[in-house]
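Here's the structure, in structure tokens; my notes come after.
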């Protein structure tokens with residue numbers, strides 16, 4: 001079942017012109033700054049990795065249910081559940 005879900009996800013991404021983001025030269029300095037600013041533990045470290053990757057690629061917002069998602073990342077946090085409730 002997991003293999004089918006992964007294959008479907010790849011097909012959807014490719015069909016819409018999306019591409020996976022990969023770390024470049026600016027990733028490590030950005031991640032270092034985020035980690036030093038908050039000293040995250042556990043899953044917050046992974047959130048910092050996602051935020052660093054987004055910042056490096058010029059992404060300005062992220063949709064997440066995590067209300068505490070890396071506040072020092074300067075990403076605009078969008079909660080899809082709040083959008084659904086407001087609409």
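The values are calculated or read from the model by the stated rules, or taken from the named source; none is laboratory data. Given the structure is predicted, the values throughout are model-derived calculations rather than measurements. Heads up, the Cβs are rebuilt from the backbone with ideal geometry, glycines too, and the neighbour counts pull from every protein chain shown.
Give the residues of segment 65-81 that are touching a strand residue (DSSP E or B) at 6+ places or on another chain (Cβ under 7 Å), assigned to a loop (DSSP other than H, G, I, E, B) and either at pLDDT 90 or above or surrounded by fewer than 14 Cβ atoms within 10 Å (Cβ to Cβ) (or both), sorted by residue number. Hit for segment 65-81 is 75, nothing else.
The combined condition, being under 20 Å from residue 26 (Cα atoms) and touching a residue at least 12 places away in the same chain (Cβ under 8 Å), is not fulfilled by residue 81. If you go through segment 41-51 and keep only what is in contact with a helix residue (DSSP H, G or I) (Cβ under 8 Å, 6 or more places away or on another chain) and either without any contact (Cβ under 8 Å) to a residue 24 or more places away in the chain or exposed (fewer than 13 other Cβ atoms within 10 Å of the Cβ) (or both), you end up with 45, 49.
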